[in-house]
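Input: a single structure, listed below in structure tokens.
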Amino acid sequence: MTVRTILTEPNKILRQISQPVESVGKEEQLLMDDMLETMYAANGIGLAAIQVGIPKRIIVMDISKDENKKEPMYFVNPVIKNKNPVKSTYEEGCLSVPNQFAEIDRPSKCDIEFLDYNGDKQTISADGLLATCVQHEMDHLEGILFIDYLSKLKKSMILKKLSKLKSNSAVL
Ligand code: K1U
Ligand code: ZN
């Protein structure tokens, strides 16, 4: 398994719409293995394939609290159903928007239909951090980042900071 490079804002690739996977084969499983390794190495709880530059509708997540008890989850071609009209607020971060956090409102519960690691169809009901994280990751599949929900001013301040960091590290 390989730890891949996580793309960070500003980067046009992160704004691409990811394409459905035709079938879950060896190539997709290898990608999911690498994504999980990459996510763990970055101390994240979720990762979408586009964050490593692959525009496929694939997400990995692990929201388990116990570091010694990994509980990886794999979502291929996920579809959200039955979004609860009640919203919950969570302070979100993103590995593609390093060191920036903001409170975001999202439906508190939802159902997700998807294919698992073996290509089998599954449906789960999500609430709490699982619901927040899966909606955040599904936004990545549409080229949406959590900073898009912020005011124009807050978003542009964050983007300015990230651009500056990028140009400084390019000089080093
Ligand atoms: O880049 C990503 O999409 C992963 C992102 C997922 C996420 C975190 C918090 C709310 C919604 C979605 C992260 O894992 S950022 C890392 C992080 O800040 C974090 C890690 C553990 C618990 C909570 C946040
Ligand atoms: Zn993210």
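The values are calculated or read from the model by the stated rules, or taken from the named source; none is laboratory data. Because the structure is a prediction, the values reported are computed rather than measured. Here the Cβ positions follow ideal geometry from the backbone for every residue, glycine too, while neighbour counts run over all protein chains shown.
Identify, by number, the condition in (1) more than 30 Å from Lys26 (Cβ to Cβ); (2) within 13 Å of ligand 2 (Cβ to nearest atom) that Met157 doesn't meet.
(2)
Can you tell me how many residues within the range 25-56 are touching an Asp or Glu at 6+ places or on another chain (Cβ under 8 Å), hydrophobic (A, V, I, L, M, F, W, C) and either more than 13 Å from ligand 2 (Cβ to nearest atom) or not in a helix (DSSP H, G or I) (or both)?
Looking only at that region, the number is 4.
Against the definition (farther than 26 Å from Gln19 by Cα and of a type outside the set (Phe, Trp, Tyr)), how does Lys121 come out, yes or no?
no
Look at the range 40-60 and say how many of its residues are among the hydrophobic types (A, V, I, L, M, F, W, C) and either surrounded by fewer than 24 Cβ atoms within 10 Å (Cβ to Cβ) or over 19 Å from Cys94 (Cβ atoms) (or both).
5
Per-residue answers, yes or no, for (1) within 19 Å of Asp62 (Cα to Cα); (2) surrounded by 15 or more Cβ atoms within 10 Å (Cβ to Cβ); (3) modelled with pLDDT of 95 or more; (4) within 11 Å of ligand 1 (Cβ to nearest atom):
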{"residue": "Val86", "(1), (2), (3), (4)": "no, no, yes, no"}
{"residue": "Tyr90", "(1), (2), (3), (4)": "yes, yes, yes, yes"}
{"residue": "Ser125", "(1), (2), (3), (4)": "yes, no, yes, no"}
{"residue": "Met138", "(1), (2), (3), (4)": "yes, yes, yes, yes"}
{"residue": "Lys155", "(1), (2), (3), (4)": "no, yes, yes, no"}
{"residue": "Lys164", "(1), (2), (3), (4)": "no, no, no, no"}
{"residue": "Ser167", "(1), (2), (3), (4)": "no, no, no, no"}
